[in-house]
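Before any comments, here is the structure.
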């Protein structure tokens, strides 16, 4: 296989098969994601969510408590899943560039398979309040820190010097914005896009001003 | 001045000073942007817009017709302004890299001065229907095409070969995502950010796989 990023099989220690309850929960979160995606969080009612998920309004309130809690569960599920997948894929890979390429591929793959998710996460970034919000914020921070650490490793390994924060957030911009334009027929699959974006990003940071060696990229690949 | 991108003064042919009516219009659009930004388009009512802008509800309906038309005017004003500013700044600059740096700076500067605007444009991308939407879509296409042309010029001048669509949309991702994270105290001003992002992007595309010269960046700066 010519692909530069090998996808590892799930770890043996991965959680057991989801129960029927978990599957139904995920199904309902999926429907709710679609509704939030289409109508926006503010514009969507519990009645809309009931209609889309096939669960009675009373059932929705009983199991989920509120519309806010549904949004919280969607966000928690999405970020936890993407962080877990990323950690699992990074295990045993030590090359810093390869690890950044894995980050990009993992992010793109997840959101191409869950297209509505990224839009809901981006748009409803500020909809959650207090306790709900602080738990989600901490998972997001973990994700940001993992990416920052990947860049710091690259800097150390290749003696680069650039503004890590701007670089991480530029990379997030590149991979998050795809929900506004990605078209499978035109843009290829996640692997092709990850390769292209990885090239732009890795060659870009390898040649930043601060490196004092702009004309000599430090990439080994 | 050490800055790599000089900001040109407005052209002599720029539109005359805005009338009092235009100023009041822009003021109301500014208030409406804030309300949409805070509550989302679906969640905001004409009553909210009336309260924020200080114009009576009857007056709002009289002058603007509908909430949708207000969103349309905001989007039209934003995109037209940014495209006009860009065209004016590009006049007389022929270096392809410099022209891309101008694009980045123009975009960042505009949205840092109009922080709510970018969020409303991103979030309410699909809220407009039919006629309203097609007019906005055509201004957006023009903006996209200008950026695409800038990249095509760079490719020709430096004998580069990369996927222009992925590159343009990656760049849009980088500069659009700033509304989620930009912090003036930490991230410096638009010029500093434009310099960093321009470096990542320009050095990145100069070293793309397809160029067949990955290890030799073609940048002249």
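Describe numerically, in nm with one decimal, the distance between label points set 7 Å from Cα along Cα→Cβ at residue B:183 and at residue A:58.
So the label points at residue B:183 and residue A:58 sit 4.8 nm apart.
How many Cβ atoms of partner chains, on average, are near each residue of A:160-166 if near means within 10 Å of its Cβ?
Across A:160-166, the average partner-chain Cβ count within 10 Å equals 4.
Mind checking A:187-198 for the average number of partner chain beta-carbons within 10 Å of each residue's beta-carbon?
3
Under the Kirkwood approximation applied to all pairs of distinct alpha-carbon atoms, what is the hydrodynamic radius of the stretch B:79-204 in Å?
15.3
Given label points at 7 Å from Cα along Cα→Cβ, what nm distances, shortest first, separate residue B:25 from the same residue in every other copy?
Listed shortest first, these distances are 5.4 nm.
How far, in whole Å, is the closest Cβ of chain B from the axis that maps B onto A, and which residue does it belong to?
With distances in whole Å, chain B gives B:204, 2.
So what is the relative contact order for the stretch A:68-211, in percent, with contacts set as C-alpha pairs under 8 Å and at least six apart?
Rounded, it is 35 percent for the stretch A:68-211.
Would you mind listing the distances between the residue B:69 label point and the same position in each other copy? Use 7 Å along Cα-to-C-beta, nm, one decimal, shortest first.
Distances between equivalent label points, in nm: 4.4.
Would you mind ranking A:36, B:172 by Cβ crowding within 10 Å, fewest neighbours first?
Listed from fewest to most nearby Cβ atoms, that is B:172, A:36.
Sort B:197, B:112 by Cβ crowding within 10 Å, fewest neighbours at the top.
Fewest-to-most Cβ neighbours within 10 Å comes out as B:112, B:197.
If we hang a label 7 Å off Cα along the beta carbon direction at residue A:83, how far is it from the matching labels on the other copies, in nm, shortest first?
4.2
Based on other C-beta atoms within 10 Å, arrange B:177, A:181 from fewest to most.
Ascending Cβ contact count within 10 Å gives the list A:181, B:177.
Only the coordinates and a few stated rules stand behind these numbers; no lab work does. Being a predicted model, the structure only gives us computed values, none of them experimental. Note: ideal-geometry Cβ built from the backbone for every residue, glycine included; neighbour counts use all protein chains shown.
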